[in-house]
Amino acid sequence: MKRLTTPTPTVCPPASVARTMADRITQWLARSVKCLHAAQHRQRLLALLASLTLLVSCASPDVHRYAQERPLLDLAQYFNGPLIAHGIFQDRNGQVLRRFTVMMEGKWEGNQGVLDEHFTYADGQKERRVWHLRRHPDGRYTGTADGVVGTATGQTSGNAFQWTYTLQLPVDGQVYEVQFDDWMFLVDDRVMLNRATMSKFGVRLGEVTLSFQKLSP
């Protein structure tokens with residue numbers, strides 16, 4: 001008699017959803033960040049990032065939608081004199097990775113300004129960044145600083161300010177360029193809130209939240 005065999009049942013994998021795909025690909029990106037510029041990985045990585053960008057990216061809102069909001073933000077007036085800020089950095093899942101305090105001193109002469117920032121992180125690390133700013137007649141601002149690639153650009157409208165730039169970020173002995181999309185909102189004469197999104201190739205890596213407060217001169 002012919003021996004009968006029992007067929008092995010087929011096990012189907014669960015269906016994937018866009019959020020799970022984004023999380024897994026972003027985790028893979030973090031593990032592979034040191035290989036971003038290796039020739040053997042470049043073509044595959046760029047194709048993957050292009051697909052992920054279509055999946056998770058969204059357009060930034062228009063700053064002019066806040067034109068009627070008050071109090072009116074004059075950046076040169078607000079960032080003039082001593083200030084203090086407290087902030088956190090969160091990864092794309094919302095986990096707080098770093099906490100820090102920033103002591104700042106702003107000085108303006110006409111349309112030219114200097115903002116001197118001194119960062120102190122919760123782990124004791126210190127960092128300094130000096131912005132050289134220029135105010136333009138149409139409400140635009142431009143600026144340069146050490147570690148910033150090219151020129152940062154920004155626009156005020158109502159109580160809001162949008163500020164975009166590319167920052168060189170040291171990671172394990174290497175430097176990578178990441179993009180920042182900063183949004184600042186003036187609450188009153190002394191307090192301003194800041195939320196910045198950090199991204200690479202259109203993939204959101206994390207967010208920085210800051211609360212600024214003007215100090216008495």
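Each value in this text was obtained by applying a stated rule to the coordinates, not by laboratory testing. Predicted model, so just to flag it, every value in this text is computed and none were measured. All Cβ positions, even for glycine, are placed from backbone atoms using ideal geometry, and neighbour counts span all protein chains on display.
Remarks
- Rounded if a/c under 1.5, otherwise prolate or oblate - the stretch 159-217, Cα gyration tensor axes: prolate
- Partners of Lys214 within straight-line reach, counting aspartates and glutamates whose Cα lies under 17 Å from its Cα and excluding those fewer than 8 residues away in the same chain: Asp74, Glu105, Asp116, Glu117, Asp188, Asp189.
- In Hz, Karplus ³J(HN,Hα) per residue of the stretch 108-118 (6.51, -1.76, 1.60; θ = phi - 60°; x = Gly, Pro): 10, 10, x, 9, 9, x, 10, 10, 9, 10, 10
- Sequentially through the stretch 191-207, phi angles give Karplus couplings (6.51, -1.76, 1.60; θ = phi - 60°) of 10, 9, 9, 9, 10, 10, 9, 9, 9, 9, 6, x, 8, 5, 9, x, 9 Hz, Gly and Pro residues having no value and appearing as x.
- Other residues within the sphere of radius under 15 Å centred on the Cβ of Gln155, judged by their own Cβ, net out at -2 (K and R +1, D and E -1).
- One decimal place: the segment Asp181-Asp62 gains 41.6 nm when fully extended, by the rule 0.36 nm per residue minus the C-alpha distance.
- The H on the amide N of Val187, modeled in the peptide plane, is under 5 Å from the matching H of Met192, Leu193, each at least 5 residues off or on a different chain.
- With a cut-off of 13 Å between beta carbons, the residues surrounding Met104 carry a summed charge of 0, where Lys and Arg count +1 and Asp and Glu -1.
- For Gly113, net neighbour charge (Lys/Arg +1, Asp/Glu -1) across residues whose Cβ lies under 10 Å away: +2
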